[in-house]
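The values are calculated or read from the model by the stated rules, or taken from the named source; none is laboratory data. What you see is a predicted model; the values in this text were computed from it and never measured. When we count neighbours, we look across all protein chains shown, and the Cβ atoms used for this are built from the backbone with ideal geometry, even at glycine. SASA here: full protein model, heavy atoms, side chains in, ligands and nucleic acids out. Shrake-Rupley method; radii C 1.70, N 1.55, O 1.52, S 1.80 Å.
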Amino acid sequence: AVSSVPFHLASAWTYYAPQEGELFHGLLIGAGARYIGRSYGDDTNTITNGARVLFDAVLGFDLSAIGAQYNGFRLQVNASNIFNRRDTTCTGGYCYIDSGRFVVGTLAYRW
């Protein structure tokens, strides 16, 4: 098997966005999980990387809920690996620690 390519991958996401008239209209809340199956850490298949599950989240707000002049604007914060799981992963015989929690904020405009 090829080094560092997982045997299995799976992911699932769910979102909730309150509808018009509700107190939190314009809000978007989401959460997801990513399963990364075990893989080999070298081309001779003597090192094995373990399987893991990582959890992600999103919180967004559609600014058009405030007023029509903000139509198309959206604020959003995405967090990957929210529980900061940091396993050792090997590829090509070289091992490193997975990246930890990562948070990104964006202001986007769609036309």
Query raised in the report: Under a point-charge model restricted to the Cβ atoms of Lys and Arg (+1) and Asp and Glu (-1), what is the dipole moment magnitude of the chain relative to its Cα centre, in debye to the nearest 20?
Result: 120
Requested in this report: Normalising by the residue count of the chain, find the relative contact order in percent from Cα pairs under 8 Å and 6+ residues apart.
Outcome: 23
Report task. Using a 1.4 Å probe and counting only protein heavy atoms, arrange Cys95, Cys90 so the residue with the most accessible area comes first. Result -> Cys95, Cys90
Requested in this report: Calculate, for the chain, the solvent-accessible area per residue in square angstrom, rolling a 1.4 angstrom probe over the heavy atoms of the protein chains.
Outcome: 69
Query raised in the report: Ratio of Rg to Rh for the range 1-57, alpha carbon only, Kirkwood?
Result: 1.33
Query raised in the report: What's the carbon and sulfur percent of the range 1-55's accessible surface, probe 1.4 angstrom, rounded to a whole number?
Result: 61
Query raised in the report: FRET efficiency for Gln76 and Asp42, Cβ-Cβ distance as r, R0 = 35 Å, nearest 0.05?
Result: 0.35
